[in-house]
1. When you go through E88, E46 one by one, which is the residue that is free of Cβ contacts under 8 Å to residues at least 60 places away in the same chain, open to solvent by 60 Å² or more (accessible area, probe 1.4 Å) and within 11 Å of the chain's Cα centre (by Cα)?
2. Given the conditions (1) under 19 Å from G100 (Cβ atoms); (2) polar (S, T, N, Q); (3) open to solvent by 70 Å² or more (accessible area, probe 1.4 Å), report the number of the one that T57 does not fulfil.
3. From the residues in segment 10-32 that are open to solvent by 30 Å² or more (accessible area, probe 1.4 Å) and assigned to a loop (DSSP other than H, G, I, E, B), which one is nearest to S113 (Cα to Cα)?
4. Take the conditions at pLDDT 95 or above, out of contact with any Asp or Glu (no Cβ under 6 Å at 6 or more places or on another chain) and among the basic types (K, R) and apply them to K64. Does it pass?
5. Go through the residues of segment 22-39 one by one and say whether even a single one is over 25 Å from Q101 (Cβ atoms) and either in contact with a His (Cβ under 6 Å, 6 or more places away or on another chain) or at pLDDT 95 or above (or both).
6. For segment 36-114, give me every one of the strands (runs of 3 or more DSSP E) that falls completely inside it and has 1 or more residues that are more than 27 Å from Q13 (Cβ to Cβ).
7. Any chance you could count how many residues in segment 60-69 are within 19 Å of E6 (Cα to Cα) and open to solvent by 60 Å² or more (accessible area, probe 1.4 Å)?
8. Residue by residue through segment 70-79, note down the ones that are out of contact with any Lys or Arg (no Cβ under 7 Å at 6 or more places or on another chain) and surrounded by 13 or more Cβ atoms within 10 Å (Cβ to Cβ).
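The values are calculated or read from the model by the stated rules, or taken from the named source; none is laboratory data. The model shown is predicted, which means the values in this text are computed figures rather than measured ones. Here the Cβ is made from the backbone with ideal geometry for all residues, glycine too, and neighbour counts use every protein chain on show. SASA here: full protein model, heavy atoms, side chains in, ligands and nucleic acids out. Shrake-Rupley method; radii C 1.70, N 1.55, O 1.52, S 1.80 Å.
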Amino acid sequence: QAQLEESGGGLVQAGGSLRLSCSASGRTFSDYSMAWFRQTPGKERELVARIYFAGTTRYADSVKGRFTISTDNAKNTVYLQMNSLKPEDTAVYYCNDLYGQIPWGQGTQVTVSS
């Protein structure tokens, strides 16, 4: 069964940057469209960024121009480069395929202080 593991979160000041990583066992990312999601307490999980099988990327309006999703197929890893972070970006970040079909990992906490 495929397993996801997110890492790279932490505490950062507003305006700072973080790079999140997501590795998988039992699933080859290059065969799927992948995405990053985020969730805050009491809210539904939000789709933040996605990268399609052909390499096209799309972003939520709230992160457009600040976040970049990419993949390293050789490492079977998906990345989310987050720049110009804002306090409202504070959340637990998860990766999954575009339709959330892989069992969810633990996520990685991102906290942005003002």
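1. E46
2. (3)
3. Looking at residues that are open to solvent by 30 Å² or more (accessible area, probe 1.4 Å) and assigned to a loop (DSSP other than H, G, I, E, B), I get A14.
4. Working: at pLDDT 95 or above: yes; out of contact with any Asp or Glu (no Cβ under 6 Å at 6 or more places or on another chain): yes; among the basic types (K, R): yes.
For K64, the condition - at pLDDT 95 or above, out of contact with any Asp or Glu (no Cβ under 6 Å at 6 or more places or on another chain) and among the basic types (K, R) - is met.
5. So the first thing to find is which residues in segment 22-39 are over 25 Å from Q101 (Cβ atoms), and the list is none.
Checked segment 22-39: no residue is over 25 Å from Q101 (Cβ atoms) and either in contact with a His (Cβ under 6 Å, 6 or more places away or on another chain) or at pLDDT 95 or above (or both).
6. Working: elements: 46-51, 57-59, 67-72, 77-82, 91-97, 108-113.
Those strands (runs of 3 or more DSSP E) span 46-51, 57-59, 67-72, 91-97.
7. Number satisfying all stated conditions: 1.
8. Matches in segment 70-79: S70, T71, D72, N76, T77, V78.
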